[in-house]
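Taking it in order: structure first as structure tokens, then the write-up.
Computed from the coordinates by the stated procedures, all read-outs in this text should not be read as laboratory data. Small disclaimer: the values here were computed from a predicted structure and weren't measured. Virtual Cβ from ideal backbone geometry, glycine too; neighbours counted across all protein chains shown.
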Amino acid sequence: MPKAAARTLPLALTDALPPLAAIAGAEHAHLNDDSISISPANAGQIAAILGFAREHGLAVTPTGAGTKLDWGNPVAPRIRLVLDRMNALREHSWQDMTCGVEAGCTWATMQTALARHGQMVALDPLWPARATVGGIVATNDGGPLRIRYGSLRDLIIGMTVVLADGTIARTGGKVVKNVAGYDLHKLMTGSFGTLGVIAGVNFRLHPLETQSRTWTAEAADPSHFEAPLHALLDSYIIPSGLQIRIDAQHCALDLRVAATPACLDEHAAELTRFFAPISICESSETVLGVRQNLFDQSGSVLLKASLLPSRICSVLSQLRAWSAAEGTEFTAVAQGNGLVDIACKAASDASIALIHRLRPQCSSVVALQLPAELRNRIDLWGCSSSALPLMREIKRRFDPERILNPGRFIGNI
Amino acid sequence: MSQCESGNLFATMLTAAQIAELRAAVGPDGLITGESQLQTYECDGLTNFRVLPGAVVLPRTAEQVQAAVRVCARHKIPFVSRGAGTGLSGGALPAAAGVVISLARMNRILEVNIPDRYVVVEPGVINAHVTQRVAPSGYFYAPDPSSQSVCTIGGNVAENSGGAHCLKYGFTVTHTLALDVVLPNGDLVTFGSPALDAPGYDLAGVFVGSEGTLGVTTKITLRIVKRPEVVQTLLAAFASPQAAGQTVSDIIAAGMLPSAMEIMDTLAIEAAEAAVHAHYPMCGGLLLVELDGPAIDVATLMHETRALCEKNGATEIRVAQSEHERMLVWKGRKAAFAAMGRISPNYIVQDGVIPRTALPEVLTEIDRMAAAVNLRVANVFHAGDGNLHPLVLYDHAIAGQEEIAIDLSYRILHLCVDKGGSITGEHGVGKEKQQALGYMFSEPDLATMQLIRCAFDPDSIANPDKVFPRARLCADRPGPYAPHPLETAGVAEIF
């Protein structure tokens, strides 16, 4: 591996453009006001670009479609490493139920191709039509399907990563079961581009859910869902989506189950029993897409809270009460696994107050998106992990010059 | 890339002062230094590798683990943590004059939380005890390595253990929510949380399966799973393992995800029958499919599975009619490794993975390779996820045959890698397959893994000289199988 180069004086962007253009081709490198956007064609070009960035001390932000660039602490990169050209589904071994895809492939493009053989990566992230595999993995996004199939940690079987020093490393492999060596891909998943650039990902696949039904129950307050939710989670019903959506006026629970038609008929009867005296009615599976609406509201404060499932109803009730007290307008979608997305439109002080109230009630509350004026008023990641010194050491080992998304992650890693 | 400093790996014995420090760390009743007692710890389930440790500590608390690790850190003494010692790759093999940290006394289940579906355990808790504890509430702990009646959760975490049912339910890592870990410098840290997505790097995900090279876990939060309404097990007899393998592919192609799919060939069936009389049909390839879920779903899918077995020429199809019968079917399967002793004086257990579709081709190639050197290879495998356990049978008494068997088992692993697979699906790399890891991964891949290693353990004292290929270019010696003491005592079936 090359030795760390001595950092030279900051390079003017105009001077940086020609050598970068030489790496990826002039038509793939562009000068912006504050940065250069460059689209590499392969991992080798990523390595060359990172080598150049490292030599000149230029901060790099890897990006796909840029749908989640606002998440985390702000970074002012000099190089935007755009993975849009690396967008191929390289391999779909449908009989082995695995696939290999380049990081710049959009989620929907990949899923459409996999669906030709009745398969999917069992994850439903935000903005599937635009968001890319690399960005989804880097931010560890996922939606309602997580309650059945787990998170990316459970679905990724291999990865190709380019490190800050240009090393191109493979981890895992193409088989579902594999315990050879460290699982570098687990470290990369959710690392917000601070340890390396994800160039390609191998997934395990699941059969598409062909038969499903969705039910919705409404209640005045989330506390009414406490008992039915407990009964449901303790039953033989295996949800493919379970959420409570709530704002100041409305509160509803949605459940989607995929099974054989006969089994779904049985479930329907059981659900009526679990939810009595609240009525539960058949609805459309589009209700499970409501999480997306939260993230489409511009200018909102967006929080990702995590709590134990048994606490969902009580925390949502409190959230509603606090919002009323603070005069904030909020919408929340709580997954049955305890992950809660909260969007609120509020004055600065009220938003900050809400976060401070929530944090002691939850296992964690990350402020994914905050208006610029609030960002220096609160720690977005809100976590004092005993493992933080180790996380810093990992960052130091992987990216000693701190060129990859410096400061974006927890503890300003 | 920076290299770790090497620890004091070449000392021949611990000094009296170091032993006194260890005694202070764990108390007089927590320290073993007598040679005859140390011999209990000189190997794990891979019994042909043996090294006498310098001392064994038996801490009762995380604080005592910390204190012992700090002694090791201060003097750069290599240490290895150990559960029940059932591992099959030499992962718990001590370093000469090193310290073994046995977690056997940390065996309490600390918390059971049914509403949030997790349990908190100490590392010395036996795998099967977790399920026993939550079964009355209708739950189970999913990873089920065949040694589950004796192996410990701490060891499962180190190896990322699987089992027959990980096809549907995933591995130890799938079920690990949080870990307390004593780092090689003695710091006690927490990775993850019982609630999902704790902010920061997924260090719990990295730690699980790191084979004791990143620290010692002292507390584990495990996910538990609702027991399915119905579990049904089907046995189908085919003329060859290839025909059974085709049925597995067809079941997957039909969009089903059984909880387990296992194949045994004639030799394996013979051995299992001789050992536990599971009433298997004698055939070229026996397929075992387990379906679980809502009763009505299982009935539908079982019907489909039967049809696929018939399509592929199954000569006999049976569904276990009672829980007793079902357990007997599994007992035969789980005893298959140990049963090899009934049909061969010696054998080597291997653990390779291939893409499922390569199964017929790889089995044919293994047959060819075995025939070329006049040896027999029995095959037992987790067919659903392509995890092969070829058992190379030989006779130590025949001069030169062991070397040929070792070489064959090693070439089978290479074949797995060449077909796009892995050198280990569940047994780990440990001591046995260090060089094979170098066949599977290139130098940059291994160097990147070393970055993680060095961040956790800069002095390389946590289970050193395991997993990664040694600098010197000597070939691995995959070990011939010798019965584990637990197995001889009839306590466990190992594979």
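Taking Cα atoms, how many degrees apart are the long axis of helix A:261-275 and the longest axis of chain A, rounded to 10 and kept between 0 and 90?
Once rounded, one gets 70 degrees.
Sticking with the crude label model, points 7 Å out along Cα→Cβ, report the distance from B:I404 to B:R326 in nm, one decimal please.
Here the modelled spin labels are 4.5 nm apart.
In debye to the nearest 20, how big a dipole does the protein assembly as shown give about its Cα centre with +1 on each Lys and Arg Cβ and -1 on each Asp and Glu Cβ? Can you show the working numbers first?
Working: 73 positive and 88 negative charges, 278 e Å.
I would put it at about 1340 debye.
In whole angstrom, and with the biggest value first, how far do the Cα coordinates of region B:340-456 range along each principal axis?
Taking max minus min along each principal axis of the Cα atoms, region B:340-456 gives 47, 33, 23 Å.
Is any residue of region A:28-60 close enough, with backbone N under 14 Å, to a label point placed 7 angstrom from the Cα of A:A12 along the Cα-Cβ axis, and if so, which?
Under 14 Å, as judged by backbone N against the label point of A:A12, lies no residue of region A:28-60.
Under 12 Å Cα-Cα from B:K419, which aspartates and glutamates qualify once same-chain neighbours fewer than 8 residues away are excluded?
B:E361, B:E365
Sticking with the crude label model, points 7 Å out along Cα→Cβ, report the distance from A:A108 to B:N48 in nm, one decimal please.
5.8
At 10 °C and 1.306 mPa s, what whole-number value in µm²/s does Stokes-Einstein give for the translational diffusion of the protein assembly as shown, with Rh from the Kirkwood sum over Cα pairs? Kindly include the intermediate steps, with their values, before the conclusion.
Working: Rh = 28.5 Å.
For the chosen part, D equals 56 µm²/s.
Ratio of chain B's C-alpha Rg to 2.2 N^0.38 Å, to two decimals?
On the way: Rg = 22.4 Å, N = 495, 2.2 N^0.38 = 23.2 Å.
Chain B yields a ratio of 0.97.
For a paramagnetic label modelled at 7 Å from the Cα of A:A372 toward its Cβ, which residues of region A:284-324 fall within the zone defined by backbone nitrogen distances under 19 Å?
In region A:284-324, the label zone of A:A372 (backbone N under 19 Å from the point 7 Å along Cα→Cβ) covers A:298-302.
Over its Cα atoms, what ratio of radius of gyration to 2.2 N^0.38 Å does region A:291-377 give? Let's see the in-between values first.
On the way: Rg = 11.8 Å, N = 87, 2.2 N^0.38 = 12.0 Å.
Relative to the rule-of-thumb radius for its length, region A:291-377 sits at 0.98.
If R0 is 25 Å, what FRET efficiency do you get for B:V112 and A:S386 from their C-beta distance, rounded to 0.05? Please list the in-between numbers first.
Details: r = 24 Å, r/R0 = 0.97.
It comes out at approximately 0.55.
Could you check the simple spin-label distance between B:R368 and B:H279, using points 7 Å along Cα→Cβ, in nm with one decimal?
Modelled inter-label distance: 4.1 nm.
May I ask for the equivalent-ellipsoid semi-axes of chain A, computed as the square root of five times each C-alpha gyration tensor eigenvalue and listed largest first in whole Å? Before the final figure, lay out the partial values.
Values: eigenvalues 306, 140, 60 Å².
So the equivalent ellipsoid measures 39, 26, 17 Å along its semi-axes.
What FRET efficiency would be calculated for the residue pair B:T33, B:T61, taking the C-beta separation as r and a Förster radius of 30 Å, to the nearest 0.05? Write out the running numbers ahead of the final one.
Working: r = 21 Å, r/R0 = 0.70.
Calculated transfer efficiency: 0.90.
Taking chain A as the reference, fit the longest principal axis to its C-alpha atoms, fit the long axis of helix A:13-24 to the helix C-alpha atoms, and give the angle between the two in degrees, 0 to 90, nearest 10.
So the helix axis and the longest Cα principal axis differ by about 80 degrees.
Filter A:K174/B:K431; A:K186/A:K395; A:K177/B:K433; A:K395/B:K219; B:K433/B:K466; A:K395/B:K466 down to the pairs with a C-alpha to C-alpha distance above 20 Å, please. Please report the intermediate quantities before stating the final value.
Numbers: A:K174/B:K431 24 Å; A:K186/A:K395 15 Å; A:K177/B:K433 17 Å; A:K395/B:K219 25 Å; B:K433/B:K466 9 Å; A:K395/B:K466 24 Å.
Too far apart for the 20 Å limit: A:K174/B:K431; A:K395/B:K219; A:K395/B:K466.
Relative to the longest principal axis of chain B, what angle (0 to 90°, nearest 10) does the C-alpha long axis of helix B:16-26 take?
Rounded to the nearest ten degrees, it is 60.
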